[in-house]
Amino acid sequence: MKCNTASTFCRIVLRGWRFYAPSFVEKLVRGYNSHISTHSLTTMKKYLSLTVLVLVGFFSFGVTVAHGATADWKVIKTDGVKELSGISCPEARTCYVVSGMYLSGGTGAIFKTTDGGDTFTVLKTPSIDPFHSISCPTVSTCYIAGDFGTLLKTSDGGENWSSSTLGSRGTPPQFTAVFATSEQTVLVVGRDGVFYRSEDGGASWSRPTLRSVADLHTIYFTDKMTGFIGGTDSAFFKTEDGGSTWTFQPALKGAKLISRLAGSGTSLMYAVGETVQKSTDGGATWTELTTAGNSRNRQTVAAPDTSTAYLVSETNTIFKTTNAGTSWESVAVFDNTFLRDLVCPGVSYCLAVGSAGKVYRLGTPPAPLPPPAPTPVVPPVVQTPVVVTPAPEPVRPTVTEKAKTAVSSGLTRTLKKGSTGNDVKKLQEILASVVGVYPGGEVTGYYGLATVKAVGLFQEKFSLVSAGETGYGQAGPKTRAKLLELAESGPSATVTPATNSQTTPAVLHRMLKKGSRGGDVKKLQELLSADKEVYPEGELSGYFGPATAKAVGRFQEKHDIAYPGDDGYGEVGPKTRAKLFEKAE
C-alpha cells in the first residue's frame, strides 16, 4: 500500500508523530488523568509507542518513486532500518547521522561516513535513547541530544562517546536541537522551554533565562557571538554575547511555528515552519516568501550560499531556489518517506535523511584531499663559524602604552559577567597593569568571576562604585572613562612598567601536580625559577616532573604553606597559587 502524501489522512499520520503524539504520550506518562495507576501508564506508554512504530513503519517502508528531477538524488541505505532524525557534516566528506523517535526507547543509533555517503559505519554508543539532533563543530568533536535528557559527546571522531543526563529524573527534558559554536561552547534546547548551555565542553551547564514555556525546535548562530532560538507559539529569541543573555524578538511574531533557522554568512537567514521567511539584515526584519505546492509546514532548510537554498516540506518534497528565495521550484518528491533533516556542504551537493534508514544524496562528494608530500631530507651543510656580536636588547614598551592602545581602540560597550570578545581581553590587559587589582593577570576574553572581582577592586580604588551598589563589578561608562584617563595620562604609580623579571602573566587556574603538562606548568616553572633557592635547576619544560615537585615543596616550606607528609605537599593548589600570585606582584 502506498500513502498519498497529499491526502489529509497521510498528513495526519506523517506529521502527527512529530508534532502531536509526543505531547499526548507525555500527558499520559505524567499522569494527565490522575486516576490512572502508574502500572497502567507504563502499559499505555508501551502500547502507544509500539502502535506508532507500526504505523510509521507501515507508511515508510515503501519503494521510493522518482518524480522528475528526483532521479538526481541517489538513495543510500544505512546499516539498519532506523528512523533517521539528524545529520551534521563538519567537512564535505565526513558526516554523522543519528536516529530516534520521540519517547520510543531503543531507537537511538549513530552512523558515520567518511566518503560523502557511499558507505556508512555504525558507531558504538553508550545510550540507545532516541536521538533528535547532532552538531559537529569539527571532524573529531560532536554533540548529540535526545529524549530523557540524554546528551552525548565525542572528542575522537566517534570512537568513544561520553553520556550525561540533564534535568530532573522524574520529568526528564525532551531535547529537540543542539548547536555547538566551538568544541567548548554548546547549547541544547527542548520542549517546554528547556534550555542549557556549556562553555567547558559539557563538563558543567548553566540555564540562561528565556522566560518561555514554548517548545523550542531550532538553534542557529551567524557567528560565535550572535545566535537565534525558535520554536512554537512565536518563540523567537536572539543573543549577541555568545548565548549568556537572550532577548525576545517580535519580528517573527506572526510565525506560530519555527521548525528550523539556517542561513549563509552573517546577514542572510531563513526561518521555516508554517511559513517561509527571509532576513537580509541579521534577523532585524523579515519578509515572507511564497513557495510552490500545498504544504502547510516545512521541516528544514539549508543554504550553501547567499543565492542557493534547499527546503524540505511536510509533503516530503524538496524545493530549491537560486535567487535567494524570490522563486522556488520542486526538485524532488519522495513517496512513503518522511524526511527530517538536510545539509548542503555545496551548492550542488546535499544529503537528506529520513525514515527507514534512508539517506538521499544530491551530486557527488568532492574528491579526498591527497596525502601530504613527504618532507625532503636536506643534507647538512657545514659552515664556518662566524662570531656574532649580540645586538643590544630592545627597550620593551611599558604596559601603559599597551593599555592606552587597547582602551582607545576597543572598550565601547558595557562589559559584565558572561561577556566575551576581544574587548574583554583588552579590559583584562588593562586591569593586569594596575597594581593590586588583577594579580592573576589572566587574559582569556571571557568575563568571569576573577574579572568581576578585578573590576570591583578597580572601582573601589578610584571611588567609582562601592560593593553592593548598582554597576559594581561591571565596566560601565564611568569605569571605562577612568581606564581611558589612566591610559592617556602616561606612566604613574598606578601602572606597573614592563620589566624582564616576569615575561608572561601567571595564568594558573587548575590543580597542578606530578605528571601535569601545558603552558600553565611552564608559567609555574617561570615563577619558581625567580628564586634560585627554590628552583636552582630553572628548567622551563612545561612538564611537572620530580624537579618541579621538589621546587614546589621548597616554596611551600619557605612560605609556611605545607611540609613533607602534609596533603598537597609538592602540588599547586589554591593556597600555593595565591602565594605565587602574591610573589609575582
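The values are calculated or read from the model by the stated rules, or taken from the named source; none is laboratory data. Source: prediction; values computed, not measured. Please note: Cβ atoms are built from the backbone with ideal geometry, for glycine as well, and neighbour counts cover all protein chains shown.
Is it the case that segment 454-472 has a residue that's surrounded by 14 or more Cβ atoms within 10 Å (Cβ to Cβ), part of a helix (DSSP H, G or I), under 29 Å from the mean Cα position of the chain (by Cα) and not β-branched (Val, Ile, Thr)? Please lay out each step first, then the result.
Applying the first criterion (surrounded by 14 or more Cβ atoms within 10 Å (Cβ to Cβ)) to segment 454-472 yields 454-462, 464-465, 471-472.
In the following step, the residues that additionally are part of a helix (DSSP H, G or I) were identified as 454-461.
From what's left, under 29 Å from the mean Cα position of the chain (by Cα): 454-455.
With the extra rule that they be not β-branched (Val, Ile, Thr), the set shrinks to 454.
Yes, that holds for at least one residue.
For (1) more than 18 Å from Leu152 (Cα to Cα); (2) outside any strand (DSSP E or B), each residue gets a yes or a no:
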residue	(1), (2)
Arg197	no, no
Asp200	no, yes
Ser204	no, yes
Ile219	no, no
Gly230	yes, no
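Return yes or no: is Thr154 touching a residue at least 12 places away in the same chain (Cβ under 8 Å) and crowded, with 17+ Cβ neighbours inside 10 Å? Step through it out loud before you land on a result.
Working: touching a residue at least 12 places away in the same chain (Cβ under 8 Å): yes; crowded, with 17+ Cβ neighbours inside 10 Å: yes.
Yes: the conditions hold for Thr154.
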Among the candidates Thr306, Thr337, single out the residue that is surrounded by 23 or more Cβ atoms within 10 Å (Cβ to Cβ), in contact (Cβ under 8 Å) with a residue 40 or more places away in the chain and not aliphatic (A, V, I, L, M). Thr337
Residues that are under 15 Å from Thr247 (Cα atoms) and part of a strand (DSSP E or B), drawn from segment 206-217: Leu216
Among the candidates Val378, Val353, residue that is at pLDDT 60 or above and under 30 Å from Thr70 (Cα atoms): Val353
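Only one residue in Ser212, Ser234, Ser204 is surrounded by fewer than 16 Cβ atoms within 10 Å (Cβ to Cβ) and either within 19 Å of Gln299 (Cβ to Cβ) or free of Cβ contacts under 8 Å to residues at least 60 places away in the same chain (or both). Which one? Show your work before the answer.
Values: Ser212 fails: surrounded by fewer than 16 Cβ atoms within 10 Å (Cβ to Cβ); Ser234 fails: surrounded by fewer than 16 Cβ atoms within 10 Å (Cβ to Cβ).
Matching residue, one of Ser212, Ser234, Ser204: Ser204.
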Within segment 66-107, the residues that are in a loop (DSSP other than H, G, I, E, B), at pLDDT below 80 and small (Gly, Ala, Ser) are Ala66, Gly80, Ser104, Gly105, Gly106
